Amino acid sequence: QKVTHPRFKAAILGATGTVGQRLVRRLHDHPWFRLTTVAASARSAGRAYGDSVHWLLPTALPDRVARMEVCEVSEVEDCDVVFSALGSAGARELEPQLAGRGLMVVSNASALRMHPEVPLLIPEVNPDHLDMLDHQSFGSGGVVTNPNCATVGLVLSLKPLADAFGIEAVQVTTLQAISGAGHPGVPSLDILGNALPLIPGEEDKLETEPQKILGSVSGGAFSPAAFRVSAQTNRVPVVDGHLVSVSVKLNRPASPEAARKAIEDFRSPVADFDLPSAPRRPVIVAEDGPRPQPKLDVDRGEGMTVTVGRLRSCPVFDLRYVALVHNTERGAAGAAVLNAELMAATGRLGRA
Ligand code: NAP
């Protein structure tokens, strides 16, 4: 099924933030969505978007969006899809309310990711989890979430291995960029020339979200995958791009060559929809040597491709490797837009 319908009306919540700005950039000239509403806190509401945002992207703020008036979240209405880049506390309260009012919420926030009725979606990994929209009890709308920004890199790299060999256990250590903490985020004096070995709440997300995503859904319930994850997370002075350093124990041991082939052969199950934000390859293997690197590889596939490198055998588990994910694109704005594109392509938007 190809999408040929007209543009869906889209709103952004938290439009002035780090993720919200990237949503603005992706949506202002999107072929399927028309950005009609930008919402943020009471601090910004009532002002022109261009006057309230501290624009951080190297591309120009689009004129049409700069002139749009920012509203409060409670004022959002008449939209086919609401992209949420709210903080977790706001999302926990406001996203169910919006869904209850008949709006379809596509969220970056962690608040509802592990909710028993809410898909935690990566279109190339678990598109069938969208079926849970038929079993939600928020009202006439719905909520779909995208994973934590490090989780999505881990899961896209694990998916080909899970399909080919099965996964028993994962040990992951992250080196995470400062943009993952929003703006102004981590104080410069804390992070420059330094590394911070604690990101509150992050390890728990990496230890629980992958099993939901790689699990199954049937009869209105999720069955998480059975493997265990041990995670350690660190903040490092990189602007964009989380590195995840992974050791994995497989159900059926495989050589690094077989694992490499599994990753190289992996193809998106939703490729036929030609989703505008989908990269040609969701996960690739880097050239040999010290790759991937945030500086050199983070923008692959317009920030939507996860790059795997240093794939080798592990003396403790079976395999080890490093994967790189663009945390504010594949880990946030791009992920949400891709989710909404799959929802549009499968008839999940514009039903009201
Ligand atoms: P951020 O830069 O701090 O932006 C927060 C946004 O929320 C701003 O637009 C802010 O508006 C708005 N806001 C704050 N309080 C509000 C309220 N009470 N009501 C309505 N709007 C409110 O944060 P971010 O990094 O973009 O993150 C946004 C969400 O995405 C978070 O849940 C985060 O965990 C998640 N996420 C972030 C990343 C990442 O890499 N950064 C990755 C994945 C997921 P004002 O400008 O008016 O204050």
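The values are calculated or read from the model by the stated rules, or taken from the named source; none is laboratory data. Bear in mind that the values here come from a model prediction, so they are computed numbers and not experimental data. Glycine gets a Cβ as well: all are built from the backbone with ideal geometry, and neighbour counts include every protein chain shown.
In table form, for the structure just shown:
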{"item": "Among (1) more than 13 Å from the ligand (Cβ to nearest atom); (2) modelled with pLDDT under 95; (3) in contact with a helix residue (DSSP H, G or I) (Cβ under 7 Å, 6 or more places away or on another chain) - the single one ASN126 does not satisfy", "result": "(2)"}
{"item": "Matching residues, the stretch 63-78, being in a helix (DSSP H, G or I) and either more than 21 Å from ASP29 (Cα to Cα) or touching a residue at least 40 places away in the same chain (Cβ under 8 Å) (or both)", "result": "VAL65, VAL73, SER74, GLU75"}
{"item": "Unique residue being aliphatic (A, V, I, L, M), away from the ligand (no atom under 15 Å from the Cβ) and either in a loop (DSSP other than H, G, I, E, B) or surrounded by 12 or more Cβ atoms within 10 Å (Cβ to Cβ) (or both) when the list is LEU198, LEU189", "result": "LEU198"}
{"item": "Enumeration of residues in the stretch 329-345 that are in contact with a strand residue (DSSP E or B) (Cβ under 6 Å, 6 or more places away or on another chain) and of a type outside the set (A, V, I, L, M, F, W, C)", "result": "GLY331, ASN339"}
{"item": "The stretch 167-186 - residue that is of a type in the set (Val, Ile, Thr) and not in a strand (DSSP E or B) and, of those, surrounded by the fewest Cβ atoms within 10 Å (Cβ to Cβ)", "result": "VAL186"}
{"item": "Residue selected from the stretch 269-302 under the condition surrounded by 20 or more Cβ atoms within 10 Å (Cβ to Cβ) and in contact (Cβ under 8 Å) with a residue 60 or more places away in the chain, by the criterion farthest from the chain's Cα centre (by Cα)", "result": "PRO294"}
{"item": "Failed item, numbered, when PHE222 is tested on (1) more than 28 Å from SER179 (Cα to Cα); (2) modelled with pLDDT under 95; (3) not small (Gly, Ala, Ser)", "result": "(2)"}
{"item": "MET104 being over 20 Å from THR328 (Cβ atoms), crowded, with 24+ Cβ neighbours inside 10 Å and touching a residue at least 60 places away in the same chain (Cβ under 8 Å)", "result": "yes"}
{"item": "Residue tally, condition over 22 Å from ARG113 (Cα atoms) and surrounded by 24 or more Cβ atoms within 10 Å (Cβ to Cβ), over the stretch 306-320", "result": "2"}
{"item": "Residue check, PRO200 within 16 Å of ALA111 (Cα to Cα) and either at pLDDT 95 or above or aliphatic (A, V, I, L, M) (or both)", "result": "yes"}
{"item": "Filter pass, LEU206 being more than 24 Å from the chain's Cα centre (by Cα) and surrounded by 16 or more Cβ atoms within 10 Å (Cβ to Cβ)", "result": "no"}
{"item": "Complete set of residues in the stretch 26-80 that are within 16 Å of LEU13 (Cα to Cα) and among the small types (Gly, Ala, Ser)", "result": "ALA39, ALA40, SER41, ALA42, SER44, ALA45, GLY46, ALA48, GLY50, SER52, ALA66, SER74"}
